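Below you'll find the structure, written out as structure tokens, and then a few comments.
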Amino acid sequence: MLSKLLGIIPGAAVDGLILCAEIAAVVLPLIIGYEMAKAYGVFERPWPRLRPALARLGLGPGALVPLLAGVFLGLLYGAGILVSASREQGLATGERLALAVFLVTCHAVVEDTAIFVLLGGSAFWILGPRLVLALGLTAWLARRARRHSAN
């Protein structure tokens, strides 16, 4: 029994290292691309076109960078940027909550989808339900917040 277990370990270690390399091949270019886009001001350009859609979600211009970071790179990286943007841009509590709800339900869209496709999954079944749920919950939260602020 023990010799059988010891015989499995080298193959599992090699398979694990291969999987780590595949994940790194997906994640590292995304992180480098995000940092380069941020440095060149790419995130400021889409704001005028996105203003109406994000406003319906209760998000203002200061939420764009953390939203894009969370969608592309994941919850942990997006959360770090959210905390930083909250301090720098003065995001309102309701805006931080709306952004957090969106990112909790729909984070790492590009990263996760690429990894699941790499592992043989379907992009539609990974991306579709998460996006619908995130948009629905965040829009509901924004409507609820507007109703409470009007009263």
Quick check on my filter: what residues within region 44-75 are of a type in the set (Gly, Ala, Ser) and not in a helix (DSSP H, G or I)? Gly58, Gly60, Gly74
Exactly one of Phe72, Phe116 is closer than 19 Å to Pro46 by Cα and either buried (at least 20 other Cβ atoms within 10 Å of the Cβ) or not polar (S, T, N, Q) (or both), and that residue is Phe72
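Condition check ((1) surrounded by 16 or more Cβ atoms within 10 Å (Cβ to Cβ); (2) modelled with pLDDT of 80 or more; (3) among the basic types (Lys, Arg)) across all residues:
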| position | (1), (2), (3) |
| --- | --- |
| Tyr77 | yes, no, no |
| Ser84 | no, no, no |
| Glu88 | no, no, no |
| Leu97 | yes, yes, no |
| Asp112 | yes, no, no |
| Pro129 | no, yes, no |
| Asn151 | no, no, no |
Residue pairs within 9 Å by beta carbon, gap of at least six or interchain, first lying in region 14-29 and farther than 15 Å from Gly120 by Cα, second surrounded by 10 or more Cβ atoms within 10 Å (Cβ to Cβ), listed first then second, are Ala25/Leu118; Val27/Leu73; Val27/Gly74; Val27/Glu111; Val27/Ala114; Val27/Ile115
Leading residue by the ranking (farthest from Gly70 (Cα to Cα)) among those in region 1-58 that are over 18 Å from the mean Cα position of the chain (by Cα) and β-branched (Val, Ile, Thr): Ile8
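Quick check on this structure: which one of Val83, Val101 is at negative phi, touching a residue at least 24 places away in the same chain (Cβ under 8 Å) and part of a helix (DSSP H, G or I)?
On the way: Val83 fails: touching a residue at least 24 places away in the same chain (Cβ under 8 Å).
Testing whether each residue is at negative phi, touching a residue at least 24 places away in the same chain (Cβ under 8 Å) and part of a helix (DSSP H, G or I) leaves just Val101.
For region 59-74, how many residues meet the condition of being under 17 Å from the mean Cα position of the chain (by Cα), of a type outside the set (A, V, I, L, M, F, W, C) and at negative phi? Walk me through it before giving the result.
The initial filter retains those residues of region 59-74 that are under 17 Å from the mean Cα position of the chain (by Cα), namely 59, 62-74.
Right, trim to of a type outside the set (A, V, I, L, M, F, W, C) and you get 62, 66, 70, 74.
From what's left, at negative phi: 62, 66, 70.
Number satisfying all stated conditions: 3.
The values are calculated or read from the model by the stated rules, or taken from the named source; none is laboratory data. Quick caveat: nothing in here was measured; it's all calculated off a predicted structure. For neighbour counting, all protein chains shown are included, and Cβ atoms are generated from backbone atoms with ideal geometry for every residue, glycine included.
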